[in-house]
Amino acid sequence: MAVISGVTGQDGSYLAELLLQKGYAVHGLVRRASTLNRQRIDHLRNDPSTRGRFHLHYADLGDTESLIAVLTAVQPDEVYNLAAQSHVGISFRMPTYTGEVTGLGTVRLLEAVRTLCPGARFYQASTSELFGKAKEIPQNERTPFHPRSPYAVAKLYSYWATVNYREAYGMFAVNGILFNHESPRRGENFVTRKVTRAVAEIVAGRRESVALGNLEARRDWGYAGDFVDAMWRMLQQEEPRDYVIGTGESHSVRELAETAFGEVGIELEWEGEGVDETGRDARTGEIRVTVDPAYFRPAEVDFLLADPSAARRDLGWRPRVTFTELIRMMVRADLEVLGVTA
Ligand code: NAP
Ligand code: GDD
């Protein structure tokens with residue numbers, strides 16, 4: 001029996017799928033909104049094979065009582081804390097709220113587990129953003145942290161809270177330090193999905209171009225479906241330990257744009273510099289990419305690259321989907337949504 005906070009998110013939906021396939025009963029936490037936002041998990045709710053094993057409970061990481069009520073009722077064996085205000089750029093606009101949910105929210109859940117079901121295994125969704133202004137390349141479990149945003153600072157608090165509950169109370173509580181992972185279910189304001197959606201809309205004739213921020217930032221982008229498997233593996237180990245999860249390959253935002261446009265036969269040609277730089281269709285000359293400083297961040301994370309060798313060794317985990325396959329999958333999915341082909 002597993003509890004997943006953040007079940008309506010990208011990772012929560014893939015993890016719920018995986019655990020249900022493995023025969024678990026899955027209890028997802030959902031927060032109240034004025035419109036239902038369960039598109040990513042609707043297929044699981046309507047699947048006859050998961051009937052009676054997939055349950056949703058109203059709860060919020062800002063509301064201790066709701067967490068207590070769920071854990072008291074469910075008494076889970078595993079708890080995956082995936083809920084967060086997870087957008088780095090937006091965290092600069094909402095630092096206090098981000099700290100409240102992404103930081104303190106973890107302690108609310110840890111404390112509820114400690115008091116109500118201390119034998120449950122706890123997974124914390126930690127992040128490569130902890131490395132921030134990275135002290136070395138690639139980054140592994142021993143690389144020092146230097147967070148660069150309110151989001152990353154909040155995640156640092158959660159990281160150490162998880163370590164502390166392990167050391168202080170002997171709980172099986174672990175951090176997965178996950179590098180960026182994407183999918184067709186990725187939120188639309190993260191850069192990969194923003195680009196693949198824009199490419200599909202351009203093919204459909206619904207827009208002309210996409211405005212981006214820092215084209216030089218580099219990320220280690222993998223496929224979310226692969227990464228949730230690593231979360232599960234971490235909770236099946238004999239000893240609780242934190243792991244870095246990533247592909248070991250890094251690409252710039254510029255390369256991401258080139259790959260996504262390339263997928264629909266548009267070769268980008270760059271000209272100009274800084275905020276005046278544009279990416280044109282090499283064949284037609286039409287501007288497809290512009291730079292808008294509104295998407296720059298007050299402090300940037302320039303270069304993330306994982307060294308996932310410990311996960312490979314101990315968890316037997318390897319990513320299956322390559323960067324190019326991932327972007328192809330996302331572009332194809334966005335084209336399909338719009339009913340166009342390229
Ligand atoms: P996501 O798509 O943004 O999903 C976040 C989830 O958290 C959603 O289900 C959201 O609910 C829920 N949530 C937000 N605030 C909440 C609150 N106050 N109480 C309860 N639930 C709340 O994020 P993701 O990409 O799946 O990432 C999952 C986790 O991994 C996050 O903690 C993220 O910070 C972390 N992480 C992600 C990556 C990545 O590349 N994707 C890498 C490293 C770490 P609504 O649907 O109602 O908004
Ligand atoms: N979102 C966004 N939008 N990012 C842009 C844009 C744009 O228009 N243009 C350039 N970027 C750059 C950002 O400045 C950043 O350097 C990079 O693209 C990736 O941005 P995001 O896709 O927003 O992801 P992130 O790396 O900041 O954060 C994601 O990954 C983390 C793991 O490293 C989130 O999923 C976090 O929750 C996660 O912890």
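The values are calculated or read from the model by the stated rules, or taken from the named source; none is laboratory data. Everything quoted here is computed from the prediction, not taken from an experiment. Heads up, the Cβs are rebuilt from the backbone with ideal geometry, glycines too, and the neighbour counts pull from every protein chain shown. These area figures cover heavy atoms from the full protein model, side chains too; ligands, DNA and RNA do not enter into them. Shrake-Rupley method; radii C 1.70, N 1.55, O 1.52, S 1.80 Å.
What do you reckon, is THR35 open to solvent by 40 Å² or more (accessible area, probe 1.4 Å) and β-branched (Val, Ile, Thr)? Yes; evaluated as a whole, the condition is true for this residue. Within region 67-79, the set of residues being touching a residue at least 60 places away in the same chain (Cβ under 8 Å), open to solvent by 20 Å² or more (accessible area, probe 1.4 Å) and over 24 Å from the mean Cα position of the chain (by Cα) comprises just one member, GLN75. Are any residues in region 223-244 of a type in the set (A, V, I, L, M, F, W, C) and either out of contact with any Pro (no Cβ under 6 Å at 6 or more places or on another chain) or within 14 Å of LEU326 (Cα to Cα) (or both), and if so, which ones? Within region 223-244, ALA224, PHE227, VAL228, ALA230, MET231, TRP232, MET234, LEU235 meet the criteria.
Listed here are the residues, each with its yes/no results for (1) within 14 Å of ligand 2 (Cβ to nearest atom); (2) in contact with a helix residue (DSSP H, G or I) (Cβ under 7 Å, 6 or more places away or on another chain); (3) of a type in the set (A, V, I, L, M, F, W, C).
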position	(1), (2), (3)
LEU82	yes, yes, yes
SER91	yes, yes, no
THR98	yes, yes, no
ALA134	yes, no, yes
ILE137	no, no, yes
ARG142	no, no, no
PHE145	yes, yes, yes
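Search region 186-211 for residues being open to solvent by 50 Å² or more (accessible area, probe 1.4 Å), basic (Lys, Arg) and not in a helix (DSSP H, G or I), and hand back the single one that is nearest to ligand 2 (Cβ to nearest atom). So the residue we want is ARG207.
Note on region 4-27: among residues that are in contact with a Leu (Cβ under 7 Å, 6 or more places away or on another chain) and more than 21 Å from HIS87 (Cβ to Cβ), the one that is nearest to ligand 1 (Cβ to nearest atom) is ALA16. Counting only residues that are outside any strand (DSSP E or B), among the basic types (Lys, Arg) and either open to solvent by less than 40 Å² (accessible area, probe 1.4 Å) or in contact (Cβ under 8 Å) with a residue 12 or more places away in the chain (or both), region 117-144 holds 1 of them. Taken over region 80-116, the residue count meeting the criterion of being part of a helix (DSSP H, G or I), away from ligand 1 (no atom under 14 Å from the Cβ) and open to solvent by 20 Å² or more (accessible area, probe 1.4 Å) is 5.
Of the strands (runs of 3 or more DSSP E) that lie entirely inside region 1-61, those containing 2 or more residues that are over 24 Å from LEU178 (Cα atoms), at pLDDT 95 or above and out of contact with any Pro (no Cβ under 6 Å at 6 or more places or on another chain) span 54-58. Looking across region 164-176, just one residue is outside any loop (DSSP other than H, G, I, E, B), hydrophobic (A, V, I, L, M, F, W, C) and either out of contact with any Phe, Trp or Tyr (no Cβ under 7 Å at 6 or more places or on another chain) or open to solvent by 20 Å² or more (accessible area, probe 1.4 Å) (or both), and that is ALA168.
Residues in region 117-128 that are out of contact with any helix residue (DSSP H, G or I) (no Cβ under 6 Å at 6 or more places or on another chain) and more than 16 Å from ligand 1 (Cβ to nearest atom): 2 in all.
Here ARG219 passes the criteria (1) open to solvent by 10 Å² or more (accessible area, probe 1.4 Å); (2) in contact with a helix residue (DSSP H, G or I) (Cβ under 9 Å, 6 or more places away or on another chain); (3) away from ligand 2 (no atom under 11 Å from the Cβ) except the one numbered (3).
Within region 146-159, the set of residues being away from ligand 1 (no atom under 14 Å from the Cβ) and either crowded, with 19+ Cβ neighbours inside 10 Å or over 24 Å from PHE303 (Cβ atoms) (or both) comprises just one member, ARG148.
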